[in-house]
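Below is one structure; the comments refer to it alone.
The values are calculated or read from the model by the stated rules, or taken from the named source; none is laboratory data. Given the structure is predicted, the values throughout are model-derived calculations rather than measurements. As a convention, Cβ positions derive from the backbone with ideal geometry for all residues, glycine included, and neighbour counts pool all protein chains shown.
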Amino acid sequence: MKVFVTRVIPEEGRKLMIDAGIEVEEWKEKRGLSQEELIAHTRDCDALLSVSTRLDKDFLEASSHLKVIALHSVGYDHVDVTAATAVKIPIGNTPGVLSAATADTAFLLMLATSRKAFYMHKSIIKGEWGFFDPTENLGIELRGKTLGVFGLGKIGLEMAKCCVGAFDMKIIYHNRSRNEPAEKELNAHWVSFDELLEQSDVLTVHTALTPETEGKFDWFAFEKMKPHAIFINTARGAIHKEGDLLKALQEQQIWGAGLDVTNPEPMRPDHPLLNMPNVSVLPHIGSATEETRAAMSVLAARNIIAGLKGERIPFVVNPEVYK
Ligand SMILES: NC(=O)C1=CN([C@@H]2O[C@H](COP(=O)(O)OP(=O)(O)OC[C@H]3O[C@@H](n4cnc5c(N)ncnc54)[C@H](O)[C@@H]3O)[C@@H](O)[C@H]2O)C=CC1
Ligand SMILES: O=C(O)C(=O)CO
């Protein structure tokens, strides 16, 4: 049995597959594969472990010989899951193990943005640390403020817990369904989407990217937010409209933004958002800790091993394949 892996992954996951008798071929080049290269490399394989590689309909229709595809991510918006289901390939992801690390990144962006930390750091490098002026470089305090969570799932819940623990923030959320345990544990309140926009001092995005959430944060949404609100997105860049966000910040419709995800990625280095004092941008490092990436590789390997044994994979995103 052989698996093709589209990047070099942490040792923990690779070892698990090798110990299970699977031949592991990793793509070692520091560039993504084209769909043609992917088809060529997976032709003689039984499984694919995909790290951020787009898997489109053409590829999936040409790959019905694959017994399983494991993603090295919880998000699967880069995969045509309907096409995979049509050719009966189970798709696996890595839920849960990255929730804390990703929430930490959202928390980091919230705090850094509220104190203009990235911009202040750059100002030292530019030799601009000069005369002390008590009216300059002022941020916004977070204690007791309202955190609005769009998508109170696993990562949203971890972020809410951090904010209650650190800053005694009040939690409101908008989710497809009510999260009653969170309501009890954190005294969180479900609100409509418009109420979330109107009442949040910090609004943090934690839904998947779907046709429903794509472009959800546009000019009309930012227009409803408080003028001192901070917008945080660690989910997917296409959930906010970047041009509308820029305009909302330039026109002081909202106060600041912290982004771990952009659209497109990578963000171009001369993007105007990168030079705004109240904006913090990170290059999609939400889950990037040694512990979390190792745990993700193990979950992906477990999906591969089960799929190659003909068993139901433990973390399946298209359970319909088993019907
Ligand atoms: N920046 C990064 O490195 C990372 C980003 N992510 C992103 O975070 C997303 C969330 O991950 P998890 O918390 O594990 O997922 P989850 O499935 O546990 O939580 C998502 C929540 O959003 C809700 N939701 C979905 N669509 C909605 C809508 N239209 N309106 C209201 N609520 C809606 C769901 O009901 C669910 O409660 C992933 O899909 C991925 O795109 C995940 C990990 C790392
Ligand atoms: O898991 C995901 O969806 C990511 O974005 C990267 O960890």
Going residue by residue through the range 260-271, is there one that turns out to be out of contact with any Ser or Thr (no Cβ under 6 Å at 6 or more places or on another chain), hydrophobic (A, V, I, L, M, F, W, C) and not in a loop (DSSP other than H, G, I, E, B)? no
All positions within the range 77-116 that are of a type in the set (Ser, Thr, Tyr), out of contact with any helix residue (DSSP H, G or I) (no Cβ under 6 Å at 6 or more places or on another chain) and more than 12 Å from ligand 2 (Cβ to nearest atom): Thr82, Thr113, Ser114
For the range 132-155, give me each residue that is within 15 Å of Ser200 (Cβ to Cβ) and in contact with a helix residue (DSSP H, G or I) (Cβ under 8 Å, 6 or more places away or on another chain). Ile140, Leu142, Gly144, Lys145, Thr146, Leu147, Gly148, Val149, Phe150, Leu152
With the requirement that a residue be aliphatic (A, V, I, L, M) and within 16 Å of ligand 2 (Cβ to nearest atom), what does the range 128-156 give you? Ile155
In the range 123-160, anything among the small types (Gly, Ala, Ser) and either out of contact with any strand residue (DSSP E or B) (no Cβ under 8 Å at 6 or more places or on another chain) or without any contact (Cβ under 8 Å) to a residue 24 or more places away in the chain (or both) is listed as Ser123, Gly127, Gly130, Gly139, Gly153
Pairs only if they're at least six apart or on different chains, beta carbon under 7 angstrom, first in the range 84-95 and free of Cβ contacts under 8 Å to residues at least 60 places away in the same chain, second away from ligand 2 (no atom under 16 Å from the Cβ); list them, first residue then second. Val87/Leu60; Val87/Glu61; Val87/Ser64
For Ile305, state whether it is modelled with pLDDT of 95 or more, in a helix (DSSP H, G or I), assigned by TED's automatic domain parsing to the domain that holds Ala84 and out of contact with any Asp or Glu (no Cβ under 6 Å at 6 or more places or on another chain). yes
Collect the residues in the range 31-53 that are crowded, with 16+ Cβ neighbours inside 10 Å and over 22 Å from the mean Cα position of the chain (by Cα), keeping them in residue-number order. Leu38, His41, Thr42, Cys45, Asp46, Ala47
Which members of the range 16-32 meet the condition of being within 15 Å of Met1 (Cα to Cα), without any contact (Cβ under 8 Å) to a residue 24 or more places away in the chain and not acidic (Asp, Glu)? Ile18, Gly21, Val24
Restricting attention to the range 54-68, and to residues there that are charged (D, E, K, R) and in a loop (DSSP other than H, G, I, E, B), which single residue is surrounded by the fewest Cβ atoms within 10 Å (Cβ to Cβ)? Asp56
Hey, any hits in the range 144-152 for a residue that's out of contact with any Lys or Arg (no Cβ under 9 Å at 6 or more places or on another chain) and small (Gly, Ala, Ser)? yes
